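Bear in mind that the values in this text are calculations on the coordinates, not laboratory data. The structure presented is a predicted model; accordingly, all values stated were derived computationally and were not measured. All Cβ positions, even for glycine, are placed from backbone atoms using ideal geometry, and neighbour counts span all protein chains on display.
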Amino acid sequence: MDQVDALLKEISAHLEQGGVVPYLGPGILDLVAGECPVPKSPAALVQRLVAKSSVPFKIRGNLTAAAQYIENFKHRKTLVGHMTEAFTPTVEPTALHRYLAGLTSEPLLIVDVWYDNAMASALQSRRLWGQIQGVSQSEHFGTWTHYFRQNGDQGDPMEADTWPVILYKPLGSILPAKNFLVSDTDFVEVLTEIDIQTPIPPIVQELRTDRHFLFLGCRFSNQLERTFARQVMKRSSDVHWAVLPGELTRNEARFIQEQNIKRLDIPLEEFQRLLCGAKTAEPLAVAG
């Protein structure tokens with residue numbers, strides 16, 4: 001428990017000082033009260049897609065491949081329609097979303113690599129903030145990102161320099177414009193350029209410099225997850241944290257060692273309670 005307390009104090013202090021970039025994965029939706037109305041994992045999302053459009057059996061469990069098949073044989077509009085239907089339901093922000101939205105140190109950068117709108121909804125309590133979304137080359141050829149003001153109107157890169165809070169959604173989001181990077185082609189286009197950082201907005205590259213990353217609701221079991229995390233956190237601090245409960249895959253263990261990520265082996269729900277000030281009854285263990 002002492003180790004948990006020490007790490008939480010370390011994380012909390014850096015969050016309040018503005019030295020941390022929260023990096024949210026789909027697993028943060030596990031904290032939603034009751035049944036989450038949108039898919040909260042790639043596995044759940046691909047099940048939703050293949051229930052709407054038939055795809056070959058061998059790729060029914062592969063999100064990007066199934067999405068590509070639907071795009072190829074049913075049209076991109078069909079894929080976007082399925083994604084829109086899956087993520088249109090309102091997701092009530094969790095206590096963790098609201099905690100992050102209430103951080104007072106500015107400029108604040110939050111990265112969210114899922115398609116729901118919960119973090120954006122939590123940020124509506126802020127006076128001024130903006131959102132940057134990755135966009136598909138299939139729909140917006142030659143453009144990597146779109147910029148949106150907090151009211152949903154489209155802005156431009158110059159405005160982002162004035163936003164005290166930036167929500168960066170590299171895979172897109174349901175709102176305000178239904179941008180989704182989900183198919184093989186979407187990711188091939190981005191990954192071709194991401195090593196030289198072209199798809200990553202300049203303001204994100206600036207704000208991440210020398211900052212720590214805090215990974216919440218993320219796993220690093222496949223190459224796509226690791227590549228995005230690695231490239232987004234380039235030129236940041238040399239110390240980071242991740243809430244990663246349970247057994248790690250060999251690739252996850254290698255990745256967190258390579259990136260010097262301190263691991264908290266506690267349930268995300270417990271982390272939320274501890275960070276937001278609630279007490280827990282049982283001691284928790286942390287794996288370093």
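Numbers for the structure displayed
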quantity: Cα-based helix-to-principal-axis angle, 184-194 vs the chain, degrees rounded to 10; calculated: 50
quantity: Above-threshold pairs, the threshold being 18 Å between Cα atoms, out of 9/40; 52/77; 40/169; 40/262; 58/178; calculated: 9/40; 40/262; 58/178
quantity: Extent along principal axes [Cα atoms of region 42-87; Å; largest to smallest]; calculated: 23, 21, 15
quantity: Gained length - residue 5 relative to residue 92, 0.36 nm times residue gap less alpha-carbon distance; calculated: 28.5 nm
quantity: Antiparallel DSSP beta bridges within the chain, percent to nearest 5; calculated: 30
quantity: Angle in degrees between helix 63-74 and the longest Cα principal axis of the chain, rounded to the nearest 10; calculated: 20
quantity: Leading residue at positive end of dipole, region 168-288 (Cβ point charges), from 227, 175, 192; calculated: 175
quantity: Percent breakdown of C-alpha pair distances by 5 Å bin, ordered from the shortest bin, for the chain; calculated: 1, 5, 12, 17, 19, 18, 14, 8, 4, 1, 0, 0
quantity: For 58, 234, 178, order by how many other beta-carbon atoms lie within 10 Å, fewest first; calculated: 58, 234, 178
quantity: Interchain or long-range residues, amide H under 5 Å from residue 172's placed H; calculated: 134, 181
quantity: Whole-number percent relative contact order across region 42-87, with pairs defined as alpha carbons under 8 Å at least 6 apart; calculated: 36
quantity: Amide hydrogen neighbours beyond the local backbone of residue 21, cut-off 5 Å, H modeled; calculated: 212, 213, 214
quantity: Given the chain, longest segment not containing exposed loop GluC sites (Glu not before Pro) (DSSP; at most 10 other Cβ within 10 Å); calculated: 36-246
quantity: Nearest-ten-degree value, helix 2-17 long axis tilted from longest Cα axis of the chain; calculated: 70
quantity: Prolate/oblate/rounded label for region 164-203 (Cα gyration tensor, a/c 1.5); calculated: oblate
